[in-house]
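Visitor: Just dropping this structure here.
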Amino acid sequence: MAIVEMRRVSVLLMRRDQEAFLRLAQRLGCVHFLPAGQEAGPAAASGAAEQEKLGRLQWALTRLSKYEGKKRSPLSPLPAVSADALDGFHLEEAMATVEQAERLERLSGDLRGRQTRLRLMIDQLTPWLPLDLTANQLASARSAKAFTGSIKLAALSELEARWQGRPVSVQRLTQERDLEYILAFAHRSVEEEFAADLRAAGFQPASPAEGEGTPRQKREALQKELDELADEQAAIDGQMARLGGELPGLRLCYEALSADRTRSEAASLAAVTASASLLEGWIPLSLTEKFEKRVKEKFPMAQLEFRAPAEGEEPPVLLGNKPVFAPYESVVTGFALPDPAGIDPTAVMMPFFACFFGMMVSDAGYGIMMAVIIPILIRLMQPAENLKKLMLVLLGGGIATVFWGALYNTWFGFAALPQLGVFDAVNNSMPVMAVCIGLGALHLFAGLLMGAYMNFRDGKPLDALYDQFSWMMLVIGLGLLALPQTAAAGKWLAIAGAGIILLTAGRAKSRNPFKRLISGLGALYGVTSWISDLLSYMRLFGMGLATGVIGMVINQLVGMLTGSGIIGLVIGAVVFVGAHLFNAAINILGAYVHACRLQYIEFFGKFYQEGGKPFRPLRFSPRHVRVTDAS
Amino acid sequence: MDINTLSLGQFLTFVAAALSVILAGWGSAKGVGLAGQTSAGVSTENPEVNSKLMVLQILPGTQGIYGFLIAVIILVNTGALGGNMAAVGVSQGLMYIGAVLPVALVGLLSAIHQGKVAAAGMLMVGQHPDMSGKAITMTVMVETYAVLALLASFLMVNAIKL
């Protein structure tokens, strides 16, 4: 349980060795670099260009990923790559591939545009297909004037009736909803009159495309062009798919380039002269020897210097815990890192977290499921550090779930082993609630003790009495009041605690005794927050109840299904598995979130000092591969 | 259960169970829906945080589960789920309606408010993906009151003797 102790390291070496040194530091992954000296070095001018290249590479990776020959199952680990392989990448080759992919994408975008235009033209021609004349033929009629366009059906019938028996002919071509596309001829003598009447009837003039060819011939030509474009598109897709073969190289190049970029960021922090280069940073104390040895091996001329943090310097915070506790660091960092002068609560928090998680999932069957599946998943996926930590947290919670599930006697919603059961949440809920509040009090007191420990460590034992033990006296005293045998002792304990709070809570604010008393009263009002804090642990009961009852309902439903023959049995089995998986998933998420909340608000609220800056060493942080032999 | 012999008390019991599912579920549907819209918006800007947003999105969904839970306990306690419903008097039926009010009304309102906090948290996560722990904590704060309402309803439902 600790915040890892840091040393300030400075490295002085030949400027020409700087790049090689940073490569080594990146592999070791243990130094958090800082700006060296007063003026920062030349800003990474190539940063923007590299960023742009990374962006284009990422685009190509996403675009080509669907052409990947063999899809990687999400359960299998990322491909492993050695750090040496990252050093020997071919940027030009990869960028040539990216350019090719970009060119193909542009072509294909062009093609799509032309195809859309052609389809639109075909659509516009469709109503005119019954027309067997070309536009030129229509225009060349000598004794009659041709009209083409669309008109409402109702208006058309009236129009036809009005012009019955006069030198006008109307030919209906195509009907589209309530519109009729028509071709009409009017003799030159009535041309003007007919045109006026058409306008009045709401006729929309429109013409099949200009030039030679009947609409049908034109459409065939367009369709042919469209087919050719589709062939072209297929060819482009084929070329794109062939580029899919380049994916492994592209991924490697992406990782190498991003490693390059983080390195050049570190390089920009160096203070340089014409021939020398000075780098400064933080390194965990335990790694200084190894680091010095590896650097000296490669750069005998380099000067290394380690020193403890000076007054006023704030080293970055890295949490270091024993392997049992280490996964729970992710819970702490999910809130905020502790102040470098504060305390790492991971180890104290871990048993409470697992216990609360188990109480909220509270189904031993789900617990067994988690305890079996998670180790298999970790073995199969070889997940990255953060995901692995999360999975181990869930594994610990799963084991606690088996314990609590047995006490609740809930096994996949069945009350299977009554001899193990201690609690019955549905029919006799009072004992369960008492356990919840009791665990809550324990948790909160643990928080107070952490605060007291910090006060002792900082040489302020009286503060521990004023701020932490006074509250414990008050709360325990109030608790003892509930039992007749201990009520007298409880009364005096509570009064003593309250007295201390009343007199000392305002000590930092003012020297005026009256003002202090007022602050003390305000602090004493904080007893209400203790009530709400304790009540908050009732969620342990509520969430556990929810899992159990829903599991029970699932089993009842399945019982009804399986009553009706073989088909019912099959459906019942499917429902049983699916519904219990759903219930488990929802409750595992809920339990995780609420267990976190109980730490962040109730527990941390009693002592935690946040505000540390994270330790971010120069290292590989690949997205598409695992770097295997980094150090 | 014969429909012809259903008493007013039994009917009121069903009304209570229905209210619990309807109101709490309504709130959850609204809350999850609200959060889902924001999730879609934030994901278009920053697709990488999508999985973090998913957790935030389903948080307002628990109220619906709590409402369902109380309904099931009512049906179990009155034997309706076993198909052999006990005789429930009118006063007991009314007591069931009173008992579901906390989980139903607090569920309805807290789920909507939780959805709003979740949506705001998503915007925060979109900008600062490392703050998702804080966003989740803020969202879960709202849920406290739904849990308390669930407990109150549960205690009241269990206190009704048939």
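The values are calculated or read from the model by the stated rules, or taken from the named source; none is laboratory data. None of the values given here were measured: they were computed from a predicted structure. Ideal geometry is used to build each Cβ from the backbone, glycine not excepted, and the neighbour counts take in all protein chains shown.
Visitor: What residue, of B:T137, B:T44, is surrounded by fewer than 24 Cβ atoms within 10 Å (Cβ to Cβ), within 14 Å of chain A (Cβ to nearest Cβ), in a helix (DSSP H, G or I) and of a type in the set (S, T, N, Q)? Spell out the reasoning first.
Guide: Numbers: B:T44 fails: within 14 Å of chain A (Cβ to nearest Cβ).
None of the other options fit; the residue is B:T137.
Visitor: Moving on. Name the single residue that is farthest from A:E192 (Cα to Cα) among those in region A:119-178 being in contact with a strand residue (DSSP E or B) (Cβ under 8 Å, 6 or more places away or on another chain) and hydroxyl-bearing (S, T, Y).
Guide: Among those residues, the one meeting the criterion is A:T126.
Visitor: How about region A:114-209: which helices (runs of 4 or more DSSP H) wholly inside it have at least 1 residues that are in contact (Cβ under 8 Å) with a residue 60 or more places away in the chain and surrounded by 14 or more Cβ atoms within 10 Å (Cβ to Cβ)? Before the answer, list the steps.
Guide: Values: elements: A:135-139, A:153-162, A:191-200.
Hits in region A:114-209: A:135-139.
Visitor: Which residue out of B:G83, B:G61 is at positive phi and at the interface with chain A (Cβ under 10 Å from one of its Cβ atoms)?
Guide: Working: B:G61 fails: at positive phi.
Only one candidate passes the filter, namely B:G83.
Visitor: Which pairs do you get when a residue that is surrounded by fewer than 16 Cβ atoms within 10 Å (Cβ to Cβ), found in region A:77-89, comes within reach of a residue that is in a loop (DSSP other than H, G, I, E, B), reach meaning Cβ atoms under 6 angstrom, with the pair 6+ apart or on two chains?
Guide: Close Cβ pairs satisfying both conditions: A:P77/A:Q382; A:P79/A:V625; A:A80/A:T628; A:S82/A:T628; A:S82/A:D629.
Visitor: Inspect region A:486-509 for any residue being exposed (fewer than 13 other Cβ atoms within 10 Å of the Cβ), small (G, A, S), outside the structural domain of A:I601 (by TED's automatic domain parsing) and not in a helix (DSSP H, G or I) and give the result as yes or no.
Guide: Yes, because at least one residue in region A:486-509 is exposed (fewer than 13 other Cβ atoms within 10 Å of the Cβ), small (G, A, S), outside the structural domain of A:I601 (by TED's automatic domain parsing) and not in a helix (DSSP H, G or I).
Visitor: So how many residues does region A:310-339 have that are part of a loop (DSSP other than H, G, I, E, B) and either surrounded by 18 or more Cβ atoms within 10 Å (Cβ to Cβ) or within 14 Å of chain B (Cβ to nearest Cβ) (or both)? Give the derivation first.
Guide: Residues of region A:310-339 that are part of a loop (DSSP other than H, G, I, E, B), as a first pass: A:310-316, A:318, A:321-325, A:336-337, A:339.
Retained after the next criterion (residues that are either surrounded by 18 or more Cβ atoms within 10 Å (Cβ to Cβ) or within 14 Å of chain B (Cβ to nearest Cβ) (or both)): A:315-316, A:318, A:321, A:325, A:336-337.
Residues flagged as part of a loop (DSSP other than H, G, I, E, B) and either surrounded by 18 or more Cβ atoms within 10 Å (Cβ to Cβ) or within 14 Å of chain B (Cβ to nearest Cβ) (or both) within region A:310-339 amount to 7.
Visitor: Condition first: more than 30 Å from A:F194 (Cα to Cα) and among the aromatic types (F, W, Y). Can you find one or more residues in region A:84-95 that meet it? Give the steps one after another, and end with the answer.
Guide: Our first condition is that a residue be more than 30 Å from A:F194 (Cα to Cα); within region A:84-95, this holds for A:84-95.
Those still in the list that are among the aromatic types (F, W, Y) too: A:89.
Yes, some residue in region A:84-95 is more than 30 Å from A:F194 (Cα to Cα) and among the aromatic types (F, W, Y).
Visitor: Of B:Y96, B:Y145, which residue is of a type in the set (F, W, Y) and either without any contact (Cβ under 8 Å) to a residue 24 or more places away in the chain or within 14 Å of another protein chain (Cβ to nearest Cβ) (or both)? Let's see the steps before the verdict.
Guide: On the way: B:Y96 fails: either without any contact (Cβ under 8 Å) to a residue 24 or more places away in the chain or within 14 Å of another protein chain (Cβ to nearest Cβ) (or both).
After applying the criteria, what remains is B:Y145.
Visitor: Please go through region A:421-433 and pick out each residue that is surrounded by 14 or more Cβ atoms within 10 Å (Cβ to Cβ), hydrophobic (A, V, I, L, M, F, W, C) and more than 14 Å from chain B (Cβ to nearest Cβ). Before you say what the answer is, go through the steps one by one.
Guide: Of the residues in region A:421-433, the ones surrounded by 14 or more Cβ atoms within 10 Å (Cβ to Cβ) are A:421, A:423-426, A:429, A:432-433.
From the residues that got through so far, the ones that are hydrophobic (A, V, I, L, M, F, W, C) too are A:423, A:425-426, A:432-433.
Across region A:421-433, the qualifying residue is only A:F423.
Visitor: Criterion first (more than 10 Å from chain A (Cβ to nearest Cβ) and within 12 Å of the chain's Cα centre (by Cα)) does B:G67 satisfy it?
Guide: Numbers: more than 10 Å from chain A (Cβ to nearest Cβ): yes; within 12 Å of the chain's Cα centre (by Cα): yes.
Yes, satisfied.
Visitor: Another one. Against the condition modelled with pLDDT of 90 or more and over 26 Å from B:V55 (Cα atoms), how does A:A591 come out, does it pass?
Guide: Values: modelled with pLDDT of 90 or more: yes; over 26 Å from B:V55 (Cα atoms): no.
When the stated conditions are applied, A:A591 does not pass them.
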